[in-house]
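S.K.: Dropping the structure in here first, questions after.
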Amino acid sequence: MELRVAAQKQFGTFFLDMDFTIEGRRIGLFGPSGSGKSTLVSLVAGLHHPDRGLILIDGEPIFDSGQAVNVPPEHRRISMVFQRPHLFPHLSVKGNLLYGYKRCAPKDRKITLDSLLEVLQIGHLLGRGVKNLSGGEKQRIAIGRAVLSNPRMLVMDEPLSALDDNLKFQIIPFLKSACEAFAIPYLFISHSLTEMRIMTDRVLSVAAGRVVGQMTAEQLARNSMGDSSVGYKNLLRLMAPRRIDGMYAYRWGDGELLISGGAGLQETLYELSATDIILFKRHPEAISARNLLKCRVGEMFEAGDRIGIGLECGSDKLVAVVVREAVRDLEIKKGMEIYAAVKATAFRQLG
Amino acid sequence: MKSIVGSFFPVLIILALFAVVAQAGDINLSVAASLREAVTELSGNFSKNNPGVKFQNNFGASGALAKQIENGVPADLFFSANLEWMDYLKEKKLLDEKSISTFAFNVLVFVGKPDLKVKTMQDVVMLEKIAIGSPKSVPAGQYAVEAFKKAGIDKQLENKLVMARDVRECLMYADRGEVEGAFVYKTDAEQMAKNVKILFTVPQEFYQRVTYPVGLTASGSKKAEAAAFYKFLQSPGAKGVLVKYGFTVK
Amino acid sequence: MPVFSHSDYLAILLSLRIAVVATILSLPFGFAVAYLMTYKKFRGKVALDVIVNLPLTLPPVVIGYLLLLLLGQNGYIGKWVLQPLGVKLIFTWKAAVIATAVVGFPLMVRSIRTGMETIDERLIQASRTLGAGWFDTVITVILPLSIRGLLAGSILMFARGLGEFGATIIVAGNIPGVTQTIPLAIYEYVSSPKGDVMAMALCLVSITISVAVLIFHEWLGRRMVRAD
């Protein structure tokens, strides 16, 4: 899918002026609060209109002030998932889910209720009212409602921000599988780099109502490494653990990673901060950390006032961040062999 | 609208309290609406000949006036449009019985637009809406209802009768065309009608003669000026004024 | 024990009928106006707001007189629209309904607006992006969620209608059996020296109806809370 926007809008004291073209099925929109993400998205969905400009989806104009084109939201087939579920209180779960479906032309109805219920696992909630559901259940229904309307694009405005971490990483698989199973391209807004990296491929970065840049989610994360508050988090999807000494061992790289805590699930997503990796020029005889990985130095790049070092270990990669002095002292160069130590407790389970 | 003061007695009581604060030489009259012009001229003449005497005149439907007097509104003389309301106050011992006498007579007529083809009581039945004074408090309305019964048309007129506060309001409705006709006094029709004229006189056999009694109230009888005015009303000069306005005095 | 006359019973029935009809007639207009005021921006919005709320501050007698000027024989609408069509409104039951509706309209609009303004804006946005046009959204989302406001507005208007006097007496007249409602009947009795007992009796009827309406409103409100 290709999204082309060249639009301006004045919103009180806020002025949005964006001009970009972005392609992909999993597009992210990233920026700080107040940067215009929600505004842009409401313009694309048709809930508000630009003062002037144009918006094209796959070459088809849905707004063009020059040609007086303004497709109303109900005809754009762009449905939305918001931060909060916003389910219709006067309709049952089934009524909510089918709201968009009923209004979709029969020839466009590729996604059906039954297939959706399976993917989102909400079949057991079908006959209920929406008032006494849990937050996670409600958000799943909201996602289902948006997907069932068979949109040509799904817009998600911080859909996970209101959920606690546990719930967040429970919902993410549902979100991904729903969009993948039904091949719906989406526009995903978040202020969380981790969510971006999991959910999106290409990211549009915005600030103060302007486009700042376009890049992959990985690049975005690397660029933000300089922010000491955010840093860079390695995301590791690890499988088939074996239990040993009260910890879990996962196959990784040429060997294994030992992680304490965790739930021993077949497939788990872990987060490891780049600053938690200690580098050794030579094999340290004995250290307390349970993980000692022999790696090759791959790419090296600026990360604010520090240096990011890509480590290759077999077919897997990690990124570590150290200060410039350390690079000098250890004479770190691309291609050289290096040892990385990580404590078993440094890994954070995401879901 | 007209006589709002006359019909809202609580308001009137407050106003009357102010009136009481006025000079002691004031004479308070409660007068049936149809006597308005005649009594205004009579009291004006009396004032001219008796400087220092001022009148406070209150016009309205006789029943409403009687109720006000009963509730304490100051009145020295009461002019009623029928005997019933005079008797009512007499029973309550609010009147000087000896002073009750007949003041004038009137005749009931039917008015409407000049081109309306109505000549008798039976013709009236064909119309859609007719105004009469509310029989509960307006003597003209009571006479009209009496006439309907005696003429045998009361059932047919159900749902056609618009109740007015007094005879003047009846006339106003007919004048404005909101009703097709109204039962009013001959004196009102002759003086006030602009767009309507008298279509026929109600045959006297259908109703009791319209009699206007006048009397001094208990409090009025104690006022020298009031008693003097009462005597003035019996004079030929006063009778002449009444005749001028279309009333009968015998 | 006072005995109600035939015209007294008629007055009671007429009061109820006029109040009900006025309320039902006003509902769609009240909803439309409340919708415009809540969701649309347009020039003259303030003017509309003022006109709609005017009957609240004007003496009912003034409203009645203005209606008379508009709808009477020589009125703007009377002369050019009603007469040619052969429609007479003044001094009919219909005029009483119009007077009651006009006087109670601001109450209805206010109640509905209050309810509408609490509707989550995102719900409307969601329905639009899910494929519902503006009218579809009004019927399937806004209307159901406005029920509380509609109900409160109806009850307020009905109660106000039962007590309507000033505008009614001017534009509909006091016609027993046709336009004489309870307040007009009481008015007649109050002017009559012998009417106090009947006036009181009708007052009690009026109070009873009002109490019944208020109790019904409370009960309905509770039922809706329980249904949530």
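Read-outs: derived from the displayed coordinates by stated rules, not from any lab. A quick note: this is a predicted structure, and the numbers were derived from the prediction, not measured. All Cβ positions, glycine included, derive from the backbone under ideal geometry; neighbour counts span all protein chains shown.
S.K.: Once label points are set 7 Å from the Cα along Cα→Cβ at both residue A:265 and residue B:204, what is their separation, rounded to one decimal in nm?
M.R.: If labels sit at residue A:265 and residue B:204, their model points lie 11.1 nm apart.
S.K.: Relative contact order (percent) for chain C, with alpha-carbon contacts under 8 angstrom and 6 or more residues of separation?
M.R.: Details: 267 pairs, mean separation 71.1, N = 228.
Here the relative contact order equals 31 percent.
S.K.: For segment A:1-41, what is the relative contact order in percent, using Cα pairs closer than 8 Å and at least 6 residues apart in sequence?
M.R.: Numbers: 38 pairs, mean separation 13.8, N = 41.
Across segment A:1-41, relative contact order equals 34 percent.
S.K.: Let me ask something additional. If you keep only loop residues by DSSP, which trypsin sites (Lys or Arg not before Pro) in segment A:121-228 have at most 11 other Cβ atoms within 10 Å of their Cβ? Working shown, then result.
M.R.: Working: sites: A:128, A:131, A:138, A:140, A:145, A:152, A:168, A:176, A:197, A:202, A:210, A:222; in loops: A:128, A:131, A:152.
Here the sparse-neighbourhood loop sites are A:131.
S.K.: So, one more: Using the alpha-carbon centroid of each, what span in Å lies between segment A:237-283 and segment A:175-215?
M.R.: 28 Å
S.K.: Ignoring the sites themselves, what is the longest stretch of chain A with no GluC sites (Glu not before Pro) in a DSSP loop and at most 16 other beta-carbon atoms within 10 Å?
M.R.: Numbers: sites that count: A:285, A:331.
In chain A, the maximal stretch lacking such sites is A:1-284.
S.K.: Picking from C:105, A:255, B:49, whose Cα lies most toward the positive end of the charge dipole for the protein assembly as shown (charges on Cβ: Lys, Arg +1; Asp, Glu -1)?
M.R.: Selected residue: B:49.
S.K.: For segment A:20-40 and segment B:122-197, what is the separation of their Cα centres, given in Å?
M.R.: When both Cα centres are located, 80 Å separates them.
S.K.: Check each of the trypsin sites (Lys or Arg not before Pro) in segment C:145-228 and keep only those in coil by DSSP with at most 16 other C-beta atoms within 10 angstrom; list them in order. Present the calculation step by step, with values, prior to reporting the outcome.
M.R.: Details: sites: C:148, C:160, C:194, C:222, C:223, C:226; in loops: C:194.
Here the sparse-neighbourhood loop sites are C:194.
S.K.: While we're looking at this one, here's another question. Residues with amide H under 5 Å of residue B:54's amide H, sequence separation 5 or more or different chain, H placed in the peptide plane at 1.01 Å from N; which?
M.R.: B:26, B:27
S.K.: Moving to a separate point now. What is the set of long-range amide H partners of residue A:273 at a cut-off below 5 Å, with H atoms built 1.01 Å from backbone N?
M.R.: For residue A:273, whose amide H was placed from the backbone, the distant partners under 5 Å are A:234.
S.K.: Mind giving me the nanometre distance, one decimal, between the label points for residue B:41 and residue A:108, set 7 Å out from Cα along Cα→Cβ?
M.R.: A separation of 8.7 nm, rounded to one decimal place.
S.K.: If you place +1 on the Cβ of every Lys and Arg, -1 on the Cβ of every Asp and Glu, and leave all else neutral, what size is the dipole of segment B:108-201 about its Cα centre, to the nearest 20 Debye? Could the numbers behind the result be given before it?
M.R.: On the way: 15 positive and 13 negative charges, 18 e Å.
The calculation lands at about 80 debye.
S.K.: Charges only on Cβ, +1 for Lys and Arg, -1 for Asp and Glu: so what's the dipole of chain A about the Cα centre, in debye to the nearest 20? Before the final figure, lay out each step's value.
M.R.: On the way: 45 positive and 38 negative charges, 170 e Å.
Roughly 820 debye for chain A.
S.K.: I've got another one for you. Residues of segment A:253-280 with amide nitrogen under 13 Å from the 7 Å Cα-to-Cβ point of residue A:326?
M.R.: Taking a point 7 Å out along Cα→Cβ of residue A:326, the residues of segment A:253-280 whose backbone N falls under 13 Å are A:273-280.
S.K.: Placing unit charges on C-beta atoms (Lys and Arg positive, Asp and Glu negative, everything else neutral), compute the dipole magnitude of segment B:55-175 about its Cα centre in debye, rounded to 20.
M.R.: On the way: 16 positive and 16 negative charges, 50 e Å.
Using only the charged Cβ atoms, the result is roughly 240 debye.
S.K.: Work out how much length residue C:222 to residue C:40 would gain on full extension: take 0.36 nm times their residue separation and subtract the Cα-Cα distance, in nm to one decimal.
M.R.: On the way: separation 182, 0.36 × 182 = 65.52 nm, distance 3.21 nm.
Using 0.36 nm per residue and subtracting the Cα-Cα distance, I get 62.3 nm.
S.K.: Sticking with this structure for a sec: Evaluate E = 1/(1 + (r/R0)^6) for residue A:167 and residue C:134, where r is the Cβ-Cβ distance and R0 equals 41 Å; express this FRET efficiency to the nearest 0.05. Mind showing how you got there, number by number?
M.R.: Numbers: r = 35 Å, r/R0 = 0.85.
After rounding, the FRET efficiency stands at 0.75.
S.K.: Just to verify a number: FRET efficiency for residue C:57 and residue C:208, C-beta to C-beta distance, R0 = 30 Å, to 0.05?
M.R.: Working: r = 30 Å, r/R0 = 0.99.
That gives a FRET efficiency of 0.50.
S.K.: A further question on this structure: Report the one residue of B:173, B:124, B:221 whose Cα lies farthest in the direction of the positive end of the charge dipole of segment B:119-228 (charges on C-beta: Lys and Arg +1, Asp and Glu -1; origin at the Cα centre).
M.R.: B:221
S.K.: Computed FRET efficiency, Cβ-Cβ of residue A:8 and residue A:176, R0 56 Å: what is it to the nearest 0.05?
M.R.: Numbers: r = 34 Å, r/R0 = 0.60.
Efficiency, rounded to the nearest 0.05: 0.95.
S.K.: Starting from segment B:169-225, pick out the trypsin sites (Lys or Arg not before Pro) whose DSSP state is loop and whose Cβ has at most 14 other Cβ atoms within 10 Å.
M.R.: Sites meeting the loop and neighbour criteria: B:194, B:209.
S.K.: Exceeding 25 Å between C-alpha atoms, which entries from my cross-link table qualify? They are B:93/B:222; B:149/B:186; B:197/C:88; A:107/A:131. Walk me through the numbers on the way to the answer.
M.R.: Numbers: B:93/B:222 15 Å; B:149/B:186 21 Å; B:197/C:88 23 Å; A:107/A:131 33 Å.
Checking Cα-Cα distances, A:107/A:131 exceed 25 Å.
S.K.: Relative contact order (percent) for chain A, with alpha-carbon contacts under 8 angstrom and 6 or more residues of separation? Don't jump to the answer; show the numbers that get you there.
M.R.: Numbers: 714 pairs, mean separation 55.9, N = 351.
Taking the mean separation of contacting Cα pairs over the length of chain A, I get 16 percent.
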